[in-house]
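> The following block contains the structure, expressed as structure tokens.
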Amino acid sequence: MEFCNLASGSKGNCSIISTKNVSVMIDDGLNLRDLSERARLANIDLSKINAILITHEHTDHVKGIASLCKKYSIPVYCHSESKEFVDTMVYPYIVDRDMDAPFELGDLTIAPFRLPHDSNYNLGYKISQGKSVLSIATDLGFVSEATLEKLKGSDFVMLESNHDIDMLREGAYPFMLKQRIMGKNGHLSNDDCASAVLELAKSGTKRFLLAHLSQDNNTPEIAFDCTAKNLENNYYVEGEDVFVEIANQYKSTRKFNI
Ligand SMILES: [Zn+2]
Ligand SMILES: [Zn+2]
């Protein structure tokens, strides 16, 4: 299967997973014009998307969905706890499905799992095609043992690396917002991401995409260095044993073959 992230961060999120027979979008927090432009540049045909899976109801993950599913009549998969917060225009497209249980879409097996975040509900996804497995986990306050167990066994993991803790503490955000981000239901720090990446590397995961970086409290270099140094301190060489890349708010990643 092929994975491409079209946008990642608090201004909009969108990823696409494709095989020869199915194409699935995770979140759409981009307006239709930006999404269409990024899809065109990445050589992705939006009319071929078979399903949109929602992680949670925050605007940066759902604001483009109403116009997209309407334009191409795409079924939407959304946890029942998130549904009431989603644009009512999306309702006719929502598939009635238990989002706490795994299900099949074409040749993909989709296994949703809950993540701790200050939305009504938040899902990570473990998606497999045969022996190839990828996982997505963004917008999480911390990596619990349960989350780590879900992520294990993945060939590729897109994991949040939201903020540098010192930049956040010393930065200009109001106290309450800092507390929210640092809380158990907030966003994942670079340090916590680095620890999880190391544990996953030990269990055999080789490729990582660090995602949902804060524009104010992080930089791609700081996020990368935090994870890469923690790996190297534990005798994993980034670029040889384990590969780490960074998702971008404003442009698509390359296509990863998994
Ligand atoms: Zn978000
Ligand atoms: Zn969120």
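> In the set A223, A196, A247, A211, which member is more than 25 Å from A111 (Cβ to Cβ) and either modelled with pLDDT under 95 or surrounded by 22 or more Cβ atoms within 10 Å (Cβ to Cβ) (or both)? Walk me through it before giving the result.
Values: A196 fails: more than 25 Å from A111 (Cβ to Cβ); A247 fails: more than 25 Å from A111 (Cβ to Cβ); A211 fails: more than 25 Å from A111 (Cβ to Cβ).
Only one candidate qualifies: A223.
A quick yes/no check of all residues on (1) away from ligand 1 (no atom under 16 Å from the Cβ); (2) in contact with a Phe, Trp or Tyr (Cβ under 6 Å, 6 or more places away or on another chain); (3) among the aliphatic types (A, V, I, L, M):
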position	(1), (2), (3)
R169	yes, no, no
P174	yes, no, no
I181	no, no, yes
H187	no, no, no
D191	yes, no, no
V197	yes, yes, yes
G204	yes, no, no
L213	no, no, yes
D216	no, no, no
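> Among the residues of the range 7-58, write down those that are within 22 Å of T109 (Cα to Cα), of a type in the set (A, V, I, L, M) and away from ligand 2 (no atom under 16 Å from the Cβ).
Listed by number, the residues that qualify are I16, I17, V22, V24, M25, I44, L46, I49, A51, I52.
> What's the number of the only condition in (1) part of a loop (DSSP other than H, G, I, E, B); (2) out of contact with any Asp or Glu (no Cβ under 9 Å at 6 or more places or on another chain); (3) of a type in the set (D, E, K, R) that D34 fails to meet?
(1)
> Name the single residue that is farthest from H212 (Cα to Cα) among those in the range 136-153 being among the small types (G, A, S) and within 13 Å of ligand 2 (Cβ to nearest atom).
Filtering the range 136-153 down to residues among the small types (G, A, S) leaves 137, 141, 144, 146, 153.
Now drop any that are not within 13 Å of ligand 2 (Cβ to nearest atom), which leaves 137, 141.
Numbers: A137: 10, G141: 12 Å.
Looking at residues that are among the small types (G, A, S) and within 13 Å of ligand 2 (Cβ to nearest atom), I get G141.
> Then there's this: Quick check on the range 68-86. Is at least one of its residues farther than 12 Å from I54 by Cα, part of a strand (DSSP E or B) and either of a type in the set (D, E) or out of contact with any Asp or Glu (no Cβ under 7 Å at 6 or more places or on another chain) (or both)?
No.
> Just the residues that are touching a strand residue (DSSP E or B) at 6+ places or on another chain (Cβ under 6 Å), among the hydrophobic types (A, V, I, L, M, F, W, C), farther than 20 Å from E232 by Cα and in a helix (DSSP H, G or I), please, taken from the range 149-195.
Passing the criteria: L151, I165.
Residue-by-condition table, conditions (1) within 16 Å of G29 (Cβ to Cβ); (2) surrounded by 21 or more Cβ atoms within 10 Å (Cβ to Cβ):
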site: C69; (1), (2): yes, yes
site: V76; (1), (2): yes, yes
site: H79; (1), (2): no, yes
site: K83; (1), (2): no, no
site: D98; (1), (2): no, no
site: P102; (1), (2): no, no
site: L108; (1), (2): no, yes
site: A111; (1), (2): no, no
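> If you go through the range 40-61 one residue at a time, how many are more than 15 Å from ligand 1 (Cβ to nearest atom) and surrounded by 23 or more Cβ atoms within 10 Å (Cβ to Cβ)?
Taking the range 40-61 first, the residues more than 15 Å from ligand 1 (Cβ to nearest atom) are 40-52.
Applying the additional criterion that residues be surrounded by 23 or more Cβ atoms within 10 Å (Cβ to Cβ) yields 52.
Residues that pass the stated criteria total 1.
The values are calculated or read from the model by the stated rules, or taken from the named source; none is laboratory data. No experiment lies behind these values; they were computed from the predicted model shown. No Cβ is skipped: glycine too gets one built from the backbone with ideal geometry, and neighbour counts run over all protein chains shown.
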